[in-house]
Amino acid sequence: MRSDNIEKILTEVRGRVGIITLNDPERLNPMSNEMQREKMDQIRKWNEDDSVGAVVITGAGRGFCSGADISKFEAAVQQGLNSVPLLPADMEWLDLVRGSKPIICAVNGVAVGLGVTFTLPCDLRVASTEARFSFRFAGIGLTPEYGSTHFLPHLVGLGKTMEFMLTARFVEAQEALDAGLVNYVYRPEDLLDSAVGLAGQIAENPDWQLRKIKRLVHENYLERDVSIVVRHERETFREAQGTEAHREALVAFRERRKPNFHPGQSAP
């Protein structure tokens with residue numbers, strides 16, 4: 001295990017899993033420009049690190065992320081909408097996540113506004129029983145962002161999307177699980193270890209294949225022409241057959257053992 005501290009985030013690596021902890025606990029971890037930039041830079045760093053196979057994002061203290069820093073909104077209104085820089089562009093985050101190693105968001109407490117929308121394009125979301133979610137935009141006179149009006153209907157359906165966004169109410173962890181917003185709910189004391197265990201299970205698989213699966217899903221899940229979907233899958237399948245990971249899997253099958261896709265590296 002190794003760890004280091006950065007100004008707005010904490011980082012740690014357990015086995016093949018990188019952990020980012022949003023680190024402004026007294027304010028429930030609002031997403032400042034600095035925090036967003038450090039988070040994105042760290043993910044890019046781990047994307048180039050062969051020893052890290054998956055990433056977990058969680059929050060310090062009682063909250064996961066209380067949304068964008070509202071003081072910046074007030075300054076923008078008082079000084080002019082173009083005078084205060086916004087967070088890094090929505091598409092920069094979406095493009096990074098879609099091409100990244102798998103990312104799991106471990107929501108340990110309140111997740112409001114941007115604090116929930118930035119998790120939607122990530123690969124999995126898990127929650128503590130104490131987690132609460134709110135698409136708070138209408139309640140503060142704003143509208144949703146970060147691709148949330150695209151991703152949320154595919155996670156929870158149109159009806160629940162409209163309910164969550166139009167009411168701006170808080171959604172408890174069990175309701176989020178029932179709706180499909182999160183994959184699992186854990187006791188608070190088990191959340192991070194469970195998320196890391198799940199990420200570790202993913203990270204055992206070969207990186208090239210994981211990224212290609214993500215790309216296929218993002219390319220195909222809105223494609224109406226199934227022939228195009230099949231062509232994408234067939235082309236990638238043929239590429240996968242030529243990889244070292246596939247050859248290792250065949251040898252492991254013949255030798256009746258588990259494939260070792262990352263020789264010389266420790267598991268989480």
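None of the figures in this text is laboratory data; all of them are computed from the coordinates on show. A quick note: this is a predicted structure, and the numbers were derived from the prediction, not measured. Cβ placement follows ideal geometry from the backbone for every residue including glycine, while neighbour counts extend to all protein chains displayed.
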**Request:** Can you tell me how much longer the chain between I228 and A138 gets when fully stretched, taken as 0.36 nm per residue apart minus their C-alpha distance, in nm with one decimal?
**Result:** 28.6 nm
**Prompt:** Over region 13-67, what is the relative contact order in whole percent, taking alpha-carbon pairs under 8 Å and six or more residues apart?
**Reply:** 59
**Prompt:** Computed over the Cα atoms, what is the radius of gyration of region 207-255 divided by 2.2 N^0.38 Å, N being its residue count?
**Reply:** 1.34
**Request:** Only Lys, Arg, Asp and Glu count, each charged at its Cβ (+1, +1, -1, -1), so figure out the dipole size of region 140-268 about its Cα centre, rounded to 20 debye.
**Result:** 540
**Message:** What's the magnitude of the charge dipole for the chain around its Cα centre, counting Lys and Arg as +1 and Asp and Glu as -1 at the beta-carbon? Answer in Debye, nearest 20.
**Reply:** 600
**Prompt:** Which GluC sites (Glu not before Pro) from region 151-241 combine a DSSP loop assignment with at most 16 other Cβ atoms within 10 Å?
**Reply:** E223
**Request:** Count neighbours as other Cβ atoms within 10 Å of each site's Cβ, and list the trypsin sites (Lys or Arg not before Pro) in region 156-228 that are DSSP loop with at most 10 such neighbours.
**Result:** R224
**Item:** Per-residue [θ]222 nm for the chain (sum of -39500 (n - 2.57) over DSSP H runs n ≥ 4, rounded to 500)
**Value:** -13500 deg cm²/dmol
**Asked** Applying 1/(1 + (r/R0)^6) with R0 = 45 Å to the Cβ-Cβ distance of D95 and R254, what FRET efficiency is obtained, to the nearest 0.05?
**Response** 0.65
**Message:** Whole-Hz ³J(HN,Hα) for each residue in region 22-39, computed from phi via Karplus 6.51 cos²θ - 1.76 cosθ + 1.60 with θ = phi - 60°, x for glycine and proline: what do you get?
**Reply:** 5, 10, 9, x, 5, 10, 6, 6, x, 8, 7, 4, 5, 4, 4, 5, 5, 4
**Request:** Any chance you could check the Cα centroid distance between region 46-64 and region 186-233 for me, in angstrom?
**Result:** 16
**Item:** Unit charges at the beta carbon, dipole of the chain: most positive-side option, G139, L250, Q265
**Value:** L250
**Prompt:** Across bins of 5 angstrom width beginning at 0, how are the C-alpha pair distances of the chain distributed, in whole percent?
**Reply:** 1, 6, 12, 16, 18, 17, 13, 9, 6, 3, 1, 0, 0, 0
**Asked** Once fully extended, how much extra length lies between E163 and K45, figured as 0.36 nm per residue of separation less the alpha-carbon to alpha-carbon distance?
**Response** 38.7 nm
**Prompt:** For region 214-268, with only Lys/Arg (+1) and Asp/Glu (-1) charged at the beta-carbon, what is the dipole magnitude about the Cα centre, in debye rounded to 20?
**Reply:** 260
**Request:** Working from Cα positions, state the angle (0 to 90°, nearest 10) between the long axis of helix 191-203 and the longest principal axis of the chain.
**Result:** 40
**Prompt:** Which of the peptides 104-116, 28-40 is most tightly packed, and how do the rest follow, judged by the mean count of other Cβ atoms within 10 Å per residue?
**Reply:** 104-116, 28-40
**Fill in**
Distance in nm between D193 and I70 label points, each 7 Å along Cα→Cβ, equals 3.6
